[in-house]
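Following: one structure in structure tokens, then a few remarks.
Every number in this text was worked out from the coordinates using simple rules, so none of it is lab data. Quick caveat, the model's predicted, so the values are computed rather than measured. Please note: Cβ atoms are built from the backbone with ideal geometry, for glycine as well, and neighbour counts cover all protein chains shown.
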Amino acid sequence: YCGSFSVGKLLPRSLLLVLWGLDLSQPCPRHCICYTSPSTVSCQAHNFHAVPEGIPAQSERVFLQNNKIQRLLRGHFSPTTTMLWLYSNNISYIQPSTFHGFDRLEELDLGDNRHLKAVASDTFLGLGRLHALHLYHCGLISLPPGIFAGLHNLQYLYLQDNQLEFLEDDLFIDLLNLSHLFLHGNRLWSLRQNTFRGLGVLDRLLLHQNRIQWVDRQAFHDLRRLTTLYLFNNSLTELSGVSLTLLPALEYLRLNDNPWECDCKALSLWDWLRRFRGSTSSLICVSPPELVGKDLKMLKKEQLPSCMSSEGHPRGSPGGEMEQGESLNHLNRHRVHHNHHQRPYLPHGDQYSLPSPSPLPRPPKGGRRNCTRRGRKAKGGHNEVQLLRDGGEKDYTADRGKYDLSASGRRKNKCIPRTSVGPPIGVQRANNKAGSHLADYLSCLSPALLLSLFFVILR
């Protein structure tokens, strides 16, 4: 009896508590659940093909994940929204003005919409309070300049598992408070000097599982607070130790599963790793043959092959000019990139033009190959690495819109045999001069000898 009495008393109270949380004052979209404090609309996992009508105007949190929504248009949501979850839908188009005026929005999750492909540059304009933006697994091919402009309060940016091959310079320059940047699982193949400019408070940078082959020695120059850097499972054969000295707060570094070439170019990285006190992974060598399978960190300095410049000075020393990762031989091994940078089509008349990514410059046509393979600089000229830095002549195939980075290796530019080196000119001149002095001496001495002989005969 006491148990029955307790249940009878508690059941109405429990029901009242549930009803208290429901928003009965405003209409709620069909198949959705609405709550108050904060005003919430939950329409998840109902196979909606479009944003349902009747979302209360004052809604603060809207949950529409795990549906089949295809388009986002202006007017679908209220500017009072602070949290909007739209992940795991079929969104292929976002009208650029969809979120205009949403100055209260703090979290926007558009992840796992694999048909999205492209987002207009002004889509997130004015979202000054946004602190988390999810664009993972959206099939994004490129990101237009200015897409993150004005997002000064953004702290978390999720761009992983897309098809990004190239990042524009200064793409993140307005993200003054960004602490986490996720770029893993893309197709990135290079990190340029200004790729991460402006990210002064970034704490974690995840770049693993890309195709990165080249890292500019100044690529991390603004990341003074970075503690975690993941570069494992890429295509790095070398990495400048100079680039890592720009990360004074680094604690966790992962460089495993890269094809490291443990030659003289690895010396600066070896030296940096020797002094680093944080957590690192193994760096297994794939060359030269005598070091295959060994961990670069475990090697002794004398085990690293020495590279001698044409002047006889050792190269590859820490901080040396040619130890950085932008060597020509390294880049010429790269496969053809940017060969299908299509400009994504945005339906319904909202078009924008994505600029073609800047191609990696190549050495001028007809230039001689570097027979020493050491980037030797000729007097009064530029070596091939310098041409890559300063911008050389580009080869552009107009019919296919491709930059062919591998063609130069197939040209018939034969190495000119070195001419035999004779005795130094200075020595030859010194010998000739000595011979001339002797001849002059003998020429002066002959008349005196003849005169002496003449007097002897007279006697």
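May I ask you to verify whether Ile69 is of a type in the set (Val, Ile, Thr), closer than 17 Å to Val41 by Cα and not in a strand (DSSP E or B)? Can you show your working first?
Working: of a type in the set (Val, Ile, Thr): yes; closer than 17 Å to Val41 by Cα: yes; not in a strand (DSSP E or B): yes.
Judged against the criteria, Ile69 is a match.
Would you mind stating whether Tyr93 is in contact (Cβ under 8 Å) with a residue 12 or more places away in the chain and either buried (at least 21 other Cβ atoms within 10 Å of the Cβ) or in contact with a Phe, Trp or Tyr (Cβ under 6 Å, 6 or more places away or on another chain) (or both)? If you could, list the steps in order and put the result at the bottom.
Details: in contact (Cβ under 8 Å) with a residue 12 or more places away in the chain: yes; either buried (at least 21 other Cβ atoms within 10 Å of the Cβ) or in contact with a Phe, Trp or Tyr (Cβ under 6 Å, 6 or more places away or on another chain) (or both): no.
When the stated conditions are applied, Tyr93 does not pass them.
Has the stretch 211-233 got any residue that is more than 30 Å from His152 (Cβ to Cβ) and over 12 Å from the mean Cα position of the chain (by Cα)? Working first, answer last.
Taking the stretch 211-233 as the starting set, the residues that turn out to be more than 30 Å from His152 (Cβ to Cβ) are 211, 213-214, 232-233.
Okay, now just the ones that are also over 12 Å from the mean Cα position of the chain (by Cα), so 232-233.
The answer is yes; a qualifying residue exists.
For the condition more than 25 Å from Leu151 (Cα to Cα), touching a residue at least 12 places away in the same chain (Cβ under 8 Å) and of a type in the set (Ser, Thr, Tyr), what is the one hit in Thr80, Thr36? Reasoning before the result, please.
Details: Thr80 fails: more than 25 Å from Leu151 (Cα to Cα).
After ruling out the rest, the residue left standing is Thr36.
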Taking the stretch 202-219 as the region of interest, how many residues are surrounded by 18 or more Cβ atoms within 10 Å (Cβ to Cβ) and closer than 14 Å to Leu236 by Cβ? 11
Go through (1) buried (at least 21 other Cβ atoms within 10 Å of the Cβ); (2) within 23 Å of Lys117 (Cβ to Cβ) and name the single condition Leu199 misses. (2)
Only one of (1) within 14 Å of the chain's Cα centre (by Cα); (2) of a type in the set (S, T, N, Q); (3) more than 27 Å from Glu238 (Cα to Cα) does not apply to Asn153, and that is (1)
